[in-house]
Structure formats: structure tokens, C-alpha cells
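Working notes, structure below.
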Amino acid sequence: MSKVRDYFVLLGIAGLVIASDQWVKYLVRTHLERGEAWSPFEWLLPYVRIIHWTNKGAAFGLFQSGGLIFTIIAILVSVAIIYYYPRVPSSQVALRFALALQLGGALGNLTDRLVHGIVTDFISVGSFPVFNIADASISIGSAILIATMWIEERRLRSESVEDLTPGGGDEDEATEGESLAG
């Protein structure tokens with residue numbers, strides 16, 4: 001029953017990412033011509049806009065000739081996340097959330113590649129490359145994953161230093177107590 005609940009959470013978060021990504025991509029494809037930009041305020045157009053853009057490569061328009069490779073990578077990453085997710089302790093909420101975001105992003109762009117043969121991008125901020133919700137989800141998930149791993153590594157390193165310290169890390173308290181008594 002625990003694995004069912006684990007997968008329900010994973011697929012729920014990933015499903016929200018996929019649904020929102022695909023819905024907005026649909027709106028962009030049906031309401032904007034390729035290359036056309038829209039913004040709710042004219043003065044905002046140079047800075048933030050929705051633009052209908054397409055991409056055969058990776059996130060942010062990188063490696064345009066690698067469409068098939070990124071399709072295969074998205075499938076492999078998705079399978080790995082689905083396999084690995086229930087093995088992550090339930091106490092590792094941030095890590096589980098990061099994996100769910102990455103799965104949703106990978107499947108969102110994979111859906112575009114399989115259905116349309118190309119990924120639709122639409123978020124344009126300043127001169128930054130155009131991206132979509134799936135790209136943002138993968139990037140945010142990766143940032144959370146890296147931060148979580150870094151924090152966990154520092155915590156474990158701190159614990160191992162305390163274990164190596166005589167008295168198990170209570171040395172400062174004993175010294176302070178002795179100086180008060182003496």
C-alpha cells in the first residue's frame with residue numbers, strides 16, 4: 001500500500017506539470033503564429049512575453065540536431081525516476097518533489113516530441129532563451145535535487161566529525177562545566 005501511495009504522489013505532481021505544460025502549449029499553438037509574441041501590456045513586451053517558438057533540441061534551444069537522442073534520454077530518465085522513486089525514504093520530501101518535477105518535465109517535452117515531432121517553447125524573458133513549463137520544471141527539480149544533496153552531504157559530514165570527536169561532540173559542554181566548577 002505504501003508503494004501505491006508513493007506512486008500516487010509522484011504521478012500526481014508529474015501529472016500536474018504535464019497537464020499545465022501541454023495545456024499552455026496547446027493555447028500557444030492555436031492562438032499565436034510561429035514567432036508571434038503576446039503580452040498583456042505593451043510596455044512589458046521587451047522584457048517578458050509569450051512567444052510561439054519551436055525547438056528540436058534540449059531545453060533552452062540547445063543542441064538542435066539531437067532530437068532523437070533527447071527522446072531516448074527522456075524515456076530512460078523517466079523509467080529511472082519511476083524505478084528509483086519508491087526507494088527514496090519518505091522523509092526525503094524535497095528529493096521526492098525534485099524527482100516528480102523532473103519526471104513531469106521530461107514527460108511533458110517527450111509528449112511534444114512524440115505527438116508533434118518538435119517541442120513548443122513559449123516563455124521569453126529578456127534575452128534569455130525561450131523555454132516552457134516542462135523545461136522550468138526540469139530546471140527547478142534539478143536545483144532542488146542539487147541543493148538537497150549538498151545539504152544532506154554537509155549534515156552527514158558534520159555528524160561524522162561529531163562521532164570522531166572524543167565524547168561524541170559533548171566536549172564543549174564538559175569543558176564549560178569544568179571551568180564553572182573549578
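Remarks
- Restricting region 70-110 to residues that are touching a helix residue (DSSP H, G or I) at 6+ places or on another chain (Cβ under 6 Å) and β-branched (Val, Ile, Thr), the residue that is nearest to Leu10 (Cα to Cα) is Ile81.
- For region 113-146, the set of residues classified as touching a residue at least 40 places away in the same chain (Cβ under 8 Å), in a helix (DSSP H, G or I), closer than 13 Å to Val17 by Cβ and of a type outside the set (Val, Ile, Thr) consists of Ala134, Asp135, Ser137, Ser139, Gly141, listed by residue number.
- Meets criteria (under 27 Å from Lys56 (Cβ atoms) and at pLDDT 95 or above) for Leu103: yes
- Pairs, first within 22 Å of Ile133 (Cβ to Cβ) in region 84-108, second modelled with pLDDT under 95 and not in a helix (DSSP H, G or I), C-beta under 6 Å, six or more apart: Leu95/Val88; Arg96/Val88
- Filter pass, Phe97 being modelled with pLDDT of 95 or more and of a type in the set (Phe, Trp, Tyr): yes
- Qualifying residues in region 45-93 (those that are of a type in the set (Gly, Ala, Ser) and modelled with pLDDT of 95 or more) - the one nearest to the chain's Cα centre (by Cα): Ser78
- Answer residue from region 127-182, given it is of a type in the set (Ser, Thr, Tyr) and farther than 21 Å from Gln102 by Cα and is modelled with the lowest pLDDT among those: Ser179
- Of the residues making up region 115-150, those that are closer than 24 Å to Pro40 by Cβ, buried (at least 18 other Cβ atoms within 10 Å of the Cβ) and not charged (D, E, K, R) are Thr120, Phe122, Ile123, Ser124, Val130, Phe131, Asn132, Ile133, Ala134, Ser137.
- Members of region 1-32 found to be outside any helix (DSSP H, G or I) and farther than 18 Å from Asp112 by Cβ, listed by number: Met1
The values are calculated or read from the model by the stated rules, or taken from the named source; none is laboratory data. All values reported here derive from a predicted model rather than from experimental measurement. Cβ coordinates were reconstructed from backbone atoms using ideal geometry, including for glycine residues, and neighbour counts include every protein chain displayed.
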